[in-house]
Amino acid sequence: MNAKRKNPILIVLLAMTLLSCEEFLDAKPSKTIVIPNTIEELEGLLNDNAMGMNKDHGMGHLAVDDIQLTEGTLLQIIQKERNAYLWDADPNIEASSAEWFFLYKQIYNANMVVELMEGLEESERKSNLRGKALFVKGQAYFFLLQDFCMPYQKETAKDQLGIPLRDMVD
């Protein structure tokens, strides 16, 4: 008899708890967090060099045959750069994950800029910003493909793994 009385009470309490979560999740965790809503703020997001925007993929430059390093120079550069230059079969995982992180951060920021600018009135500046955001996104995907994928071949395309794509904007 006690168990029959407790079950409906628990269900009601659980339902009330779940309904009250919406307001809790809408609250900002910090009052210093700002959601960009002007062209200037959105441009700032795309130009945030401290967070890896406008960062080129450095490891790819070392792996090409356009440069030639001496033995002395090879001894002076850090291990991850040496591995990229020598095409080491066991590259430094930390270097790869940093490249991966910064490139996907660029894609995330570009998607966010395009999404947040939808409410702004049309202007040439808005159009230019949208173009820049889409270019940043495309360039980051291009660098990811160069650094982490085998060249595309129609015969093996179904079996070869690529990069994760989450297309949030057209």
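The values are calculated or read from the model by the stated rules, or taken from the named source; none is laboratory data. Because the structure is a prediction, the values reported are computed rather than measured. Cβ atoms come from the backbone with ideal geometry, glycine included; neighbour counts cover every protein chain shown. Quick note on the areas: whole protein, heavy atoms, side chains included, nothing else; ligands and nucleic acids left out. Shrake-Rupley method; radii C 1.70, N 1.55, O 1.52, S 1.80 Å.
Below are the figures for this structure:
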item: Conditions (1) modelled with pLDDT under 75; (2) among the aliphatic types (A, V, I, L, M); (3) surrounded by 10 or more Cβ atoms within 10 Å (Cβ to Cβ); number of the one not met by Leu74; result: (1)
item: Qualifying residue in the range 122-139 (condition: in a helix (DSSP H, G or I), closer than 21 Å to Leu62 by Cα and without any contact (Cβ under 8 Å) to a residue 60 or more places away in the chain); result: yes
item: Selected residue (only one of Asn37, Asn83, Asn109 is more than 30 Å from Arg130 (Cβ to Cβ) and either touching a Cys at 6+ places or on another chain (Cβ under 8 Å) or at pLDDT 75 or above (or both)); result: Asn83
item: Every residue from the range 118-133 that is at pLDDT 90 or above and open to solvent by less than 60 Å² (accessible area, probe 1.4 Å); result: Ser123, Lys126, Leu129, Gly131, Ala133
item: Check on Leu165, open to solvent by 50 Å² or more (accessible area, probe 1.4 Å), touching a helix residue (DSSP H, G or I) at 6+ places or on another chain (Cβ under 8 Å) and outside any helix (DSSP H, G or I); result: yes
item: Hey, Ala27 modelled with pLDDT under 85, open to solvent by less than 100 Å² (accessible area, probe 1.4 Å) and under 27 Å from Phe143 (Cβ atoms) or not; result: no
item: Some residue of the range 140-149 being under 25 Å from Ile163 (Cβ atoms) and not in a helix (DSSP H, G or I); result: yes
item: Top-ranked residue in the range 140-158 [being free of Cβ contacts under 8 Å to residues at least 24 places away in the same chain and of a type in the set (A, V, I, L, M, F, W, C); ranked as least open to solvent (accessible area, probe 1.4 Å)]; result: Cys149
